[in-house]
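Remarks on the structure that follows.
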Amino acid sequence: MVRFMKNWSDADKLRAHFDGKVAGYLHANYPIKNISWFRVGGSAELLFKPKDVNDLKRFLFIKPNDVPVAILGGVSNTLIRDHGIEGIVIVLDRTFNYIKHIDVDIIECGAGVPSKKISNFALKNNLGGLSFFNTIPGTFGGAIKMNSGAYGMEVADVLVSAKFIDMEGNEYDSHTPDIGYSYRSSNIPDDMICISATLKGSMTNREEIIQEINRHKRQRDSTQPMRERTGGSTFKNPTNIKAWQLIRDAGCADLVSGDAVISELHSNFIINKGNATAYDIEFLGEKVRKRVKDRTGIDLEWEIRRIGVGPKVEL
């Protein structure tokens with residue numbers, strides 16, 4: 001199976017373009033697998049962690065126009081292919097990891113906030129309606145982009161507005177109706193970077209919130225492989241049926257690819273049991289899609305974001 005990870009030969013030259021011009025963290029040929037939940041994938045040609053919003057704007061303003069840019073959050077629901085990511089990878093952390101009150105029932109969250117932290121903040125401030133964030137992996141910016149949700153709630157239900165920066169460093173405000181949310185998706189372009197957003201909760205009794213969080217945790221821990229190397233739900237649920245049911249009923253439990261296997265606890269989770277490559281994981285996912293398609297006629301859509309360069313997956 002494919003193990004090769006590409007070393008980008010022009011990475012140092014790309015980094016030199018920004019040296020002394022931005023204040024944030026720059027790293028050429030950064031091994032993304034170090035921060036990936038799957039623990040797979042090649043290197044980013046150049047990783048950038050901006051010091052603050054102005055630093056991000058400056059970086060985008062001076063970047064070469066012909067260099068591709070990818071945005072990564074907690075790298076939880078993302079598969080980085082084995083040869084890595086060409087161009088620039090931007091990760092928002094530290095300065096973008098904050099939560100503050102805007103009003104009694106409205107909070108502003110930076111895009112780098114872990115989703116679980118939103119739930120914890122809401123609990124401390126008696127804000128109901130935000131408990132579902134406790135079970136969502138990754139960071140808030142990614143949740144905004146894909147309309148993450150759990151247990152009957154999703155981002156679109158509580159989002160008031162969001163701030164974005166485009167690839168030229170221009171800042172924009174968008175309100176929820178403008179974003180065009182649907183199930184696990186939005187019309188937010190891939191070249192727009194979410195930097196923060198405001199959420200609206202409701203003043204609720206603290207004990208009610210605690211009970212709701214604990215109920216979600218019990219359900220998650222009993223049905224999902226939380227202690228494994230995984231990327232969360234692999235496929236989106238088709239209309240009126242769960243993806244895990246389709247996968248189970250199509251007899252996919254025995255499918256494997258290298259060290260990539262189907263979770264025994266939840267059939268819509270793929271697990272890296274040790275030394276799986278991104279190719280192994282993507283190949284297994286495509287085998288699942290083919291078997292479900294052959295037996296049911298339903299074409300499962302990937303929920304896991306797959307980016308980067310790697311061997312072409314052919315069944």
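Summary of values
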read-out	value
Cα-based convex hull volume of segment 95-222 per residue, rounded to whole Å³	98
Using a Förster distance of 45 Å, the FRET efficiency for Asn214-Ala253 (Cβ separation, nearest 0.05)	0.90
Square roots of five times the Cα gyration tensor eigenvalues for the chain, Å	30, 29, 16
For segment 67-169, convex hull volume per residue from C-alpha positions, Å³	111
Sorted by Cβ density within 10 Å, fewest first, the residues Leu265, Leu246	Leu265, Leu246
³J(HN,Hα), Karplus 6.51/-1.76/1.60, whole Hz, each residue of segment 289-299, x for Gly, Pro	4, 5, 5, 5, 4, 5, 9, 10, x, 8, 9
Karplus-derived HN-Hα couplings along segment 267-277 (A = 6.51, B = -1.76, C = 1.60, θ = phi - 60°), whole Hz, x at Gly and Pro	6, 9, 10, 9, 10, 8, 7, x, 10, 5, 9
Whole-Å semi-axes of segment 47-125's equivalent ellipsoid (Cα gyration tensor)	29, 17, 8
Top positive-direction residue, dipole computed over segment 164-315 with Cβ charges, set Ser185, Ile195, Trp244	Trp244
P(r) tail fraction, segment 11-94 - alpha-carbon pairs more than 20 Å apart, %	28
Above-threshold pairs, the threshold being 24 Å between Cα atoms, out of Lys116/Lys236; Lys33/Lys293; Lys6/Lys293; Lys100/Lys124	Lys33/Lys293; Lys6/Lys293
Cα shape, segment 152-253, gyration tensor, a/c 1.5 rule	oblate
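Values quoted throughout were computed directly from the atomic coordinates according to the rules given, and no laboratory measurement underlies them. As the structure is a prediction and not an experimental result, all values here were calculated from the model. A quick note on method: Cβ atoms are made from the backbone with ideal geometry, for glycine too, and the neighbour counts reach across all protein chains shown.
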